[in-house]
Structure formats: structure tokens, C-alpha cells
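Nothing in this text is a laboratory measurement; each read-out follows from the coordinates by a stated rule. Treat the numbers as computed from the prediction; the structure is a model and nothing was measured. Positions of Cβ are generated from backbone atoms using ideal geometry, with glycine treated the same way; all protein chains shown enter the neighbour counts.
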Amino acid sequence: MVKATTRGLSRRSFVMGTTAGLAAAALGGAASAQSVPMVNKITSGSTFRWIDSGDQKAVFYNKLFPQFAKERDISVVYDALPWKEIAQVVPLGVRNGTAHDVFALPQNVNPADAVAQGWVQPYDDFIPNIAEWKAGFPDGAFLPGINEFGGKTYGLPFTSNKRYGTHLLFNRAYMEAAGYDPETTPLNWTDFRDAARKITEAGQGRYYGFIIGGSQLGRWAQTVRNMGRMAGASAGGDSVIEADIDFRTGDFVFDSDQYVAAIELLIAMQADGSMFPGIMSMNAPQARAFMPQGAAGMILQGPWNIPGWEGNHPDFDFGVASGPVPDEGPVGKLTIGQGAAAPNTMWLFSGSQNGAIAGEIFHYLGTVQGQTDWANIVGAGDPPIFAEAIQRADMSGRAKAVLNMFNDQIRVGPNPVVGNGDLAKVIGAFQAPEINFARTVQGLVAGELKGVASEMKALKDRYNSALDAAFAAAKADGAAVDRSDLVFSNWNPDVDFGASDYS
């Protein structure tokens, strides 16, 4: 009997992020009734394997793959694993020639390296009229050095990167009692601290104002980065070498007034007693799981919480709103470096003999129907890359509201690799300092480090040294690169940076 199978879905992050209730809630979605269009000739009896990080994606694929397998008379094996395991399974499979047909790249693997080392193959030959198909995507979805190499198409960019993971999610009852309505008027930094203090005081030890997964280091970096950017620190990009660089100058902004002030705000909230106890030993899934239990009033995370809470905790009355905005002056835009979400971009294994199968699924996910089906189930957690699909999708009011907010608050910035493909070698050579951005923020909030301004200046110096070393290594490897490649004098953080702007 032909069937699609899935393993690895019982891990903590999946259970807390989605759980069976979400799958049940999604059964009524339009995607369950859709078939993948037949565009290729597929050999009956084939076994096709796909691996990614699961979470809400798994709910979609657990509906799609069994029907697809039945219609094509093939078997589909779907593995949803944590990123830590993907970092082990995918490279080992590539080395042994046993990798999944389609996989998500480990987060520490650069696409250019994956292509250069022969991990992946282009899928141009497996999607009919691929030029016309690609033209349906928004500008920036396909970029040289990102998912196009040598004129060929490699990575499938079917979800949007136009989102951020530190917007406000809050308990409406607690927030109303504190006297605030963030959905009508976003909290500024002073309001954010005050609301956390008032909620904590009202909780009297039963609940607290703010919670964060403090053991998950990236949460500290993202929180300070996004608060700093919205307060006016014009940092662009989202790769390891330029996430905290001002493209207009090429300088890191770690020691900017805005970054320093954001850290000082978190330290003040900790001193107020407004943070949930034990946050330093708590990861992000654990932190978000406390919210529906009423243990905390506010969390700065992302839209992936919305479908999970709506599906599993229908009685939890929560709101979604902008991350904290500055007390004075304009609210800065958040910058992303490309139009597709890198962790969700899917790649075709160079040793796969099932390109025709992958091509049908890829083709479907790049159509308005496929994008709408995706949006109906996955929702705002991993938004579709087609704007039309968002409008057509049967999403909750919260989900559509947060996606509209992202469109207002986020702009596409320069991607230095597009300007100079050799920068991929710099990315591959870059080694972040051992005491990196996230560890520095965590240490300052925990009280293990003292003096925010001096620590952030020292951090900037460490990153400059690391980046200089990466450029030197890339040059020694034959790359024609210079730190001036990180400077885009025509960049305006308030508008999207288009393909024509690179010239």
C-alpha cells in the first residue's frame, strides 16, 4: 500500500508549536481538497524523500504528501527534524550519497558552498516553462548568489522572509487591566516597561509581565537588534556578516545609542522584577508555552505562535501588535536581505533521481493555488511569498493583521552577495567571536557582564577583527572582495532596495 510517512514529529518544539489540535483545526482548510497538477512524467513505484524542520510546515505536508503519493502511485517519506539533527543528517547523507531527494540546508551551510561542493542540482529541467513560472514570484525571490548560480535555478523560495520574530503577543485581560491597548497604540519603550511592571504587580507571584526564552541565545540578539532598528539604528541585512552593519557606512552598529539603550531597558525590566523567573534556563518554545497558561502577560516572538495558540488554546484571548517603538521620533523600518525565508528554501540533492517528482511539488508551491493552500494551513507562521495568496487565504483576523503589519514595518535591503558573488567566500570563512552579540546581551541582562556601552564597544571591535580575518581568508582563496562591498551609499532604509539599485 502506497503511503506517505513522517517521523520525528514528537520533538518538544513541534509539540509546543503546533500539536495535534492544529492538525485537526486545519482539516477544513482548502488545501486538503487540492491536487498537485501533473506537469511531469513520473515513474510508478518510486520512493521520494523530503526533510525539513517541521513545525507548522509538517501540518501542511502531512496533508499534501499522502494525497500526492496516492495520485502518483509512489511513496513519500517526510522527515521533520530539529535543526540540530538536520545539521548532522544532511551532510552525512550528501557524503554517503544517501541524502533525501529534497532537503533544507543546515543553517550553517552557505548556498554558494552547497552548489560549489556539488551538494545540490538545479531544477530548471524539471519545471516546464520555468522562466514564466519564476516571473510569477515577487522581485527578489530569485537572486544570483542566493538561489541562482551560473544562470541556473537551485533553491525554491516559496515562503516570505517579510516577517520578524520579536513582535508583541500579549494577554488581553492582563494588558487591559494595566491600562494599555497595543493593537490601537503600539507600546513605546516606557510603556513596555510600565506595562510589564503593572502586570507583575497585579500577578502577585502568580504571573509576570514579560517572558523570554533566555537560554536560546538568538532571542537576545533579535530582540535588541529589532528594538534598536525601530529606534533608528539603521542596520541592514540578515546574513552572518552584515546583520548589524549600516550599509551606508559599512560599520557595525553594536555600540550605537539605540542598541545600548535597548539593552539597558531589558536590564531595567529585570531589575524591576518584571521578568518571569528562570528565563535564563528556558528556551523559546518553553517560554511561549507559558503564555496560554496565564503565567506571563507579554512575549516578544513571532507569528508562528498565532496558529498554535488559536488551534490548541481557543479560549486564550491574546493580541498581536508591533514590537516596542521608540518614545520619541519616527519608527525605523526593519530590513531583510532577500524576499524568501532562507530556512524554508528547499534544495534538490545532486544525487537524486527523482527530479521529476520534486519538480511537480516545486511547481505547485510556486502557483497562486499552491501558495493559497499553504497559507490556509500554515498561516502567518511561515507566510506565503505571493501577496495574492495572503488576500485569498482563509486566515484568522490576527494572522492577516500581523502580515499587514509586516508589510508596513519591513523593507527589503541590499544583499551584498548579489552585488559581489565572491562575498559568499567571506560568509563561509567568517567565524563569529566566541563571546558574540547574543552572549554579550545575555551576559549583560543576567548581570554577568557590567557596563553596557563599554561591552558593546568591545563587541564591535571583536566583530571587526573577525570580519577582517574572513575577508583576508577569502582573498587568500582567490576572492576579489573588499569591505567596501558592504557599502551601499544609495540605500534608504525606508524603501525597498530593488534589483536596479545594485547598479
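With contacts taken as Cα pairs under 8 Å and at least 6 residues apart, the range 289-423 reaches a relative contact order of 33 percent.
Centre-to-centre, using Cα atoms only, the range 202-249 and the range 135-158 are separated by 29 Å.
Sort out the exposed loop trypsin sites (Lys or Arg not before Pro) in the chain (DSSP loop, at most 12 other Cβ within 10 Å) and tell me the longest stretch that has none. It works out to 207-449. Among the listed values (i) 1.01; (ii) 0.96; (iii) 1.33, the one computed from these coordinates for Rg/Rh (Cα atoms, Kirkwood Rh) is (ii). Between residue 328 and residue 454, the simple spin-label model (points 7 angstrom out along Cα→Cβ) gives 2.8 nm. Sites listed here are GluC sites (Glu not before Pro) in the range 423-497 whose DSSP assignment is loop and whose Cβ has at most 14 other Cβ atoms within 10 Å: 434, 448.
Peptide packing: for 118-125, 231-238, the average count of neighbouring Cβ atoms within 10 Å per residue gives the ranking 231-238, 118-125, highest mean first. Overall, the ratio between the Cα radius of gyration of the range 220-299 and 2.2 N^0.38 Å, rounded to two decimals, is 1.29. Look at the alpha carbon pairs under 8 Å that are at least 6 residues apart: their mean separation over the length of the range 350-413 gives a relative contact order of 25 percent.
Since only 56, 337, 76 are under comparison, the one whose Cα sits farthest along the positive direction of the charge dipole of the chain, derived from C-beta charges on Lys, Arg, Asp and Glu, is 76. The modelled label-to-label distance for the pair residue 477/residue 431, using points 7 Å beyond Cα in the direction of Cβ, is 1.3 nm. Subtracting the Cα-Cα distance of residue 129 and residue 496 from their residue separation scaled by 0.36 nm leaves 129.3 nm.
Each of the peptides 357-363, 485-491 was scored by the mean count of other Cβ atoms within 10 Å over its residues; in descending order, highest first, they stand as 357-363, 485-491. If only the Cβ of Lys and Arg carry +1 and only the Cβ of Asp and Glu carry -1, the dipole of the chain around its Cα centre is close to 1220 debye. For the listed residue pairs 57/457; 57/450; 198/450; 70/425; 70/162; 450/475, the alpha carbons are over 32 angstrom apart in 57/457; 57/450; 70/425; 70/162; 450/475. Between residue 316 and residue 202, residue separation times 0.36 nm minus the direct Cα-Cα distance comes to 39.2 nm. Each label point was placed 7 Å from the Cα along the Cα-to-Cβ direction; for residue 280 and residue 96 their separation is 4.0 nm. Each helix, a run of at least 4 DSSP H residues, gives -39500 (n - 2.57); summed and divided by the residues of the chain, these come to -12500 deg cm²/dmol at 222 nm.
Would you work out the relative contact order for the chain, in percent, from Cα pairs under 8 angstrom that are 6 or more residues apart?
Values: 963 pairs, mean separation 117.1, N = 503.
After rounding, I find 23 percent.
On the basis of the beta-carbon distance and an R0 of 35 Å, residue 43 and residue 388 show a calculated FRET efficiency of 0.55.
Among bridges DSSP assigns within the chain, what percent are antiparallel (round to 5)?
50 percent
Across the range 217-256, the residues whose backbone nitrogen lies under 17 Å from the label position 7 Å along the beta-carbon direction of residue 469 are 240-242.
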